[in-house]
Amino acid sequence: MTRRKLLMGNWKMYKTHTEAVDFARRLAERESELPHGPEYAVCPPFTALASLGAALPRRVQLGAQNVHFEPQGAFTGEVSAGMLAALGVRYVIVGHSERRHIFNESDAWVRRKVRAAVSAGLIPVVCVGEDLRQRELDHTLRVVERQTLAGLAELSPQEAASCVIAYEPVWAIGSGLTPTPADADRIIRSIRDVVAAEKGEAAAAAVRILYGGSVKPDNIASFTSRPDIDGALVGGASLDPDSFLQMAEAVAEGV
Ligand code: 13P
């Protein structure tokens with residue numbers, strides 16, 4: 001089973017749609033420098049999805065940062081999976097720690113959002129990870145196990161196999177701190193074991209599991225060159241096309 005490495009940018013609440021198009025143009029000018037092999041995606045705010053989708057190089061996929069679980073209805077401020085799919089969105093981040101912690105998103109909501117995303121033909125990127133207190137209490141494995149099981153709960157083994165999971169320790173996000181690559185690798189392997197126990201060996205062998213949290217051009221390869229780490233989910237360092245290209249090269253070299 002070969003899993004294709006994935007470099008995904010999560011832009012969070014940065015960039016207007018015109019700034020997003022500027023990123024895409026600058027990346028498109030240097031498309032020949034984008035190595036073949038890994039897969040690439042960027043997830044802008046909702047307001048930039050349409051214009052960014054039209055401007056991105058063909059080899060860079062479009063992703064969204066959130067989705068609602070109902071197909072339509074009186075849900076002011078929400079966007080459905082079908083609406084995203086209609087815009088050409090391929091990936092959708094679900095259960096990012098900022099959604100869980102700032103917007104009180106529960107495991108039950110994450111479960112329903114993942115189900116809705118898959119039903120609409122999107123690939124969910126299910127985020128899991130412990131906060132600092134949970135890490136200090138040595139609860140990391142139980143936290144990521146619970147979040148993984150909840151996220152995949154309504155999926156068949158085949159559906160789970162095509163998902164992406166992102167292991168993002170909350171304390172590593174935007175802090176400049178990271179676990180050691182060996183530590184991230186160990187936790188990602190235990191997430192894969194959880195998938196194996198629940199959805200079978202074939203799903204576990206196929207599901208891609210990324211590392212995220214303070215990934216930069218100079219540390220990305222130390223994570224993504226490991227066989228069990230299938231790529232990276234990158235915040236701040238994905239906002240600049242030069243830095244995105246440097247990370248693409250680093251991921252490709254480790255393939
Ligand atoms: P940073 O790369 O800015 O630490 O953010 C990580 C993240 O939250 C990606 O989803």
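Could you run the Karplus curve 6.51 cos²θ - 1.76 cosθ + 1.60 with θ = phi - 60° over region 77-84 and give me ³J(HN,Hα) per residue in whole Hz, x for Gly and Pro?
x, 9, 9, 8, 4, x, 5, 5
May I ask you to rank Lys199, Lys15, Lys216 by accessible area, largest first, using a 1.4 Å probe over the protein chains only?
Lys216, Lys15, Lys199
Protein chains only, probe 1.4 Å: how do Leu239, Leu137 rank by accessible area, largest first?
Leu137, Leu239
5 Å is the cut-off here: which amide hydrogens, built 1.01 Å from N in the peptide plane, fall below it relative to Glu39, excluding neighbours closer than 5 in sequence?
Here the answer is Lys5, Leu6, Leu7, since their amide H atoms fall under 5 Å of that of Glu39.
Take the solvent-accessible surface of the protein heavy atoms, probe 1.4 Å, and return the percent of it on region 13-253 that carbon and sulfur atoms account for.
Exposed carbon and sulfur together represent 51 percent of the surface.
Would you grab the residues whose amide H sits under 5 Å from the one on Glu105? Only those 5+ places off in sequence or on another chain, please, with H modelled 1.01 Å from N.
Excluding prolines and chain starts, which carry no amide H, the hits are Arg100.
With θ taken as phi - 60° and the coefficients 6.51, -1.76 and 1.60, list the Karplus ³J(HN,Hα) couplings across region 2-13 in order, rounded to whole Hz; mark glycine and proline as x.
3J(HN,Hα) across region 2-13, in whole Hz: 9, 9, 6, 5, 10, 9, 10, x, 10, 7, 6, 9.
Divide the volume of the convex hull of the Cα atoms of region 13-253 by its number of residues and quote the answer in cubic angstrom per residue.
Considering the Cα atoms of region 13-253, their hull volume per residue is 117 Å³.
Which of the three applies to region 1-90, rounded, prolate or oblate, going by the alpha-carbon gyration tensor with a ≥ b ≥ c and a/c under 1.5 meaning rounded?
Judged from the Cα gyration tensor, region 1-90 comes out oblate (a/c at least 1.5, b/c at or above a/b).
Determine how large the accessible area of Asp240 is when every protein chain is in place; take a 1.4 Å probe and give Å² rounded to the nearest 10.
Looks like 60 Å² after rounding.
Name the residues whose placed amide hydrogens come within less than 5 Å of the amide hydrogen of Asp131, ignoring near sequence neighbours (fewer than 5 apart) on the same chain.
Here Val170 satisfy the definition.
Which of the chymotrypsin sites (Phe, Trp or Tyr not before Pro) across region 38-84 are loop residues per DSSP, with 14 or fewer other Cβ within 10 Å?
Phe75
Please calculate the 1.4 Å probe accessible area of Arg111, with all protein chains present, and give it to the nearest 10 Å².
It works out to around 80 Å².
Write down the accessible area per residue of region 13-253 in Å², having rolled a 1.4 Å probe over the full set of protein chains.
I get 44 Å² per residue for region 13-253.
Probe radius 1.4 Å, ligands and nucleic acids left out: which of Ser162, Ser214 has the largest accessible area, and how do the rest follow?
Output order, biggest surface exposure first: Ser162, Ser214.
The values are calculated or read from the model by the stated rules, or taken from the named source; none is laboratory data. Note that this is a predicted model, so its numbers are computed, not measured. Every residue, glycine as well, gets a Cβ built from its backbone with ideal geometry; the counts of neighbours run over all protein chains shown. Side chains included, ligands, DNA and RNA excluded: accessible areas come from the protein's heavy atoms. Shrake-Rupley method; radii C 1.70, N 1.55, O 1.52, S 1.80 Å.
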